[in-house]
Amino acid sequence: MLRALFISLSESHRLRAIAEHSSIGQRFSSRFVAGTQVEDVLRAARAVNQSGLTVSIDNLGENVTNADEARASAGLYHQLLDEIAARKLDANISLKLTHMGLDVDEKLAHDQVASLVAKAAAMNPKNFVRVDMEGSPYTQRTLDFVHELHRKPGNQGCVGAVIQSYMRRSQSDVENLLADGIRIRLCKGAYKEPPEIAFQKKSEVDESYVRLMKVLMKSSVYHGLATHDENIINQAKAFATRENIARDSFEFQMLYGIRRDLQQSLVRDGWRMRVYIPFGTEWYPYLMRRLAERPANVLFIAKNLLRR
Ligand SMILES: Cc1cc2nc3c(=O)[nH]c(=O)nc-3n(C[C@H](O)[C@H](O)[C@H](O)COP(=O)(O)OP(=O)(O)OC[C@H]3O[C@@H](n4cnc5c(N)ncnc54)[C@H](O)[C@@H]3O)c2cc1C
């Protein structure tokens, strides 16, 4: 029930406007969001790199409503790619198609992402653009676009997709992506989807995750297993050991500020770990989805605020 409450709060425009402009809101978000400016996230990325973990940087924002906003978002990602190279950070970028203007002008969104992928592919060393997966109205369009981008000469290995294990269609989407050798981030899924298209029970979502995870780990493509679920992580480690899958042939991924203990212990044990670091002024829907996953985070953050 609390999950549903936080997911509907994540969609409230009014609360979002109030929260994002208040200083208490910004303090509240700081556990999971690395500040509002490019410098803030680059500093956080450097610190995470120094502790042996790689990074994916996400400029928070989704569903922009005009072309200027979409252009500004893409410009910021160009700046990020340049700064990552200049500062020699071990980091790539993650973006959402609706942040690049998909709801405003599909061609604009495609052109902007195509230009970011072309830039990542031309860099030395090459960088990588992950296209996040949003709610189900966008699933097919997002996958089609990633396939199209990946087919462009020079782009192979420089753009990847995300698969959500709660979606009933995911097995076939994984097969299609693997047929093209596309890198996949596997996650459980963060949006509210109806039972006709998505598993509702945690046990079903987890079973689907483990089934897909094994397919990815056995493929010869480098994938990301994005989860904080220790039980699933233990299954991944056991499967890798049993099947002789090299530890550097895939990576675990977690969100900034969540299970830092587990992130560190995986790296100490020789597994690869990437931290997804969000930043920016538009943190409200992101934070509400994190609270939906674990409502106890409200207490956890509140306690930290009182301690400061
Ligand atoms: C790197 C990364 C990228 C992602 N990209 C996308 C995307 O593109 N599209 C999308 O729909 N979703 C994305 N997600 C979110 C994902 O779909 C889940 O909503 C989220 O990861 C929670 O699921 P879980 O696998 O951690 O398992 P859960 O079953 O939700 O949680 C398992 C355990 O993990 C811990 N945990 C989980 N969430 C939290 C939290 N917020 N705070 C504290 N502890 C927690 C708890 O101990 C919990 O018991 C991404 C997640 C990660 C890690």
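The values are calculated or read from the model by the stated rules, or taken from the named source; none is laboratory data. Just so it is clear, the model here is predicted, and its values are computed rather than measured. A quick note on method: Cβ atoms are made from the backbone with ideal geometry, for glycine too, and the neighbour counts reach across all protein chains shown. What goes into the accessible areas is simple: the full protein's heavy atoms, side chains included, and nothing from ligands, DNA or RNA. Shrake-Rupley method; radii C 1.70, N 1.55, O 1.52, S 1.80 Å.
The set of residues in the stretch 66-95 that are at pLDDT 95 or above and assigned to a loop (DSSP other than H, G, I, E, B) comprises R87, K88, L89, D90. The set of residues in the stretch 81-140 being basic (K, R) and away from the ligand (no atom under 16 Å from the Cβ) consists of R87, K88, K107, K119, K126. When A114 is tested against (1) part of a loop (DSSP other than H, G, I, E, B); (2) under 23 Å from V64 (Cα atoms), just one condition goes unmet, and that condition is (1).
Filtering S203, S249 for residues that are more than 10 Å from the ligand (Cβ to nearest atom), polar (S, T, N, Q) and within 20 Å of S170 (Cβ to Cβ) leaves a single hit, S203. Residues in the stretch 179-198 that are open to solvent by 40 Å² or more (accessible area, probe 1.4 Å) and within 19 Å of R151 (Cβ to Cβ): A179, D180, R183. Could you list, in sequence order, all residues of the stretch 96-118 that are touching a strand residue (DSSP E or B) at 6+ places or on another chain (Cβ under 7 Å) and closer than 14 Å to L60 by Cα? If the condition is that a residue be touching a strand residue (DSSP E or B) at 6+ places or on another chain (Cβ under 7 Å) and closer than 14 Å to L60 by Cα, then L97 is the only one that fits. L216 - would you say it is at pLDDT 95 or above and either within 11 Å of the ligand (Cβ to nearest atom) or surrounded by 22 or more Cβ atoms within 10 Å (Cβ to Cβ) (or both)? Spelling it out, L216 is indeed at pLDDT 95 or above and either within 11 Å of the ligand (Cβ to nearest atom) or surrounded by 22 or more Cβ atoms within 10 Å (Cβ to Cβ) (or both).
Residue-wise test of (1) more than 30 Å from S265 (Cβ to Cβ); (2) open to solvent by 20 Å² or more (accessible area, probe 1.4 Å).
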{"position": "L53", "(1), (2)": "no, no"}
{"position": "N59", "(1), (2)": "no, no"}
{"position": "S73", "(1), (2)": "yes, no"}
{"position": "Y138", "(1), (2)": "yes, yes"}
{"position": "H147", "(1), (2)": "yes, yes"}
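Pairing each residue of the stretch 158-174 that is closer than 17 Å to E207 by Cβ and touching a residue at least 40 places away in the same chain (Cβ under 8 Å) with any residue that is near the ligand (Cβ under 9 Å from one of its atoms) and part of a helix (DSSP H, G or I), provided the two are 6+ apart or on different chains, yields C-beta distances under 9 Å for S165/V205; S165/D206; S165/Y209; Y166/V205; Y166/Y209. Please go through the stretch 118-144 and pick out each residue that is more than 17 Å from the chain's Cα centre (by Cα) and not in a loop (DSSP other than H, G, I, E, B). Matches in the stretch 118-144: A118, K119, A120, A121, A122, P137, Q140, R141, D144. With the structure loaded, tell me whether V174 is in contact with a strand residue (DSSP E or B) (Cβ under 9 Å, 6 or more places away or on another chain), open to solvent by less than 40 Å² (accessible area, probe 1.4 Å) and either charged (D, E, K, R) or over 24 Å from I232 (Cα atoms) (or both) or whether it fails that test. In short, no.
Within the stretch 256-308, the set of residues being on the phi > 0 side of the Ramachandran plot, open to solvent by 30 Å² or more (accessible area, probe 1.4 Å) and either within 12 Å of the ligand (Cβ to nearest atom) or at pLDDT below 80 (or both) comprises R259 only. Across the stretch 35-51, the number of residues qualifying as surrounded by fewer than 17 Cβ atoms within 10 Å (Cβ to Cβ), part of a helix (DSSP H, G or I) and touching a residue at least 40 places away in the same chain (Cβ under 8 Å) comes to 3.
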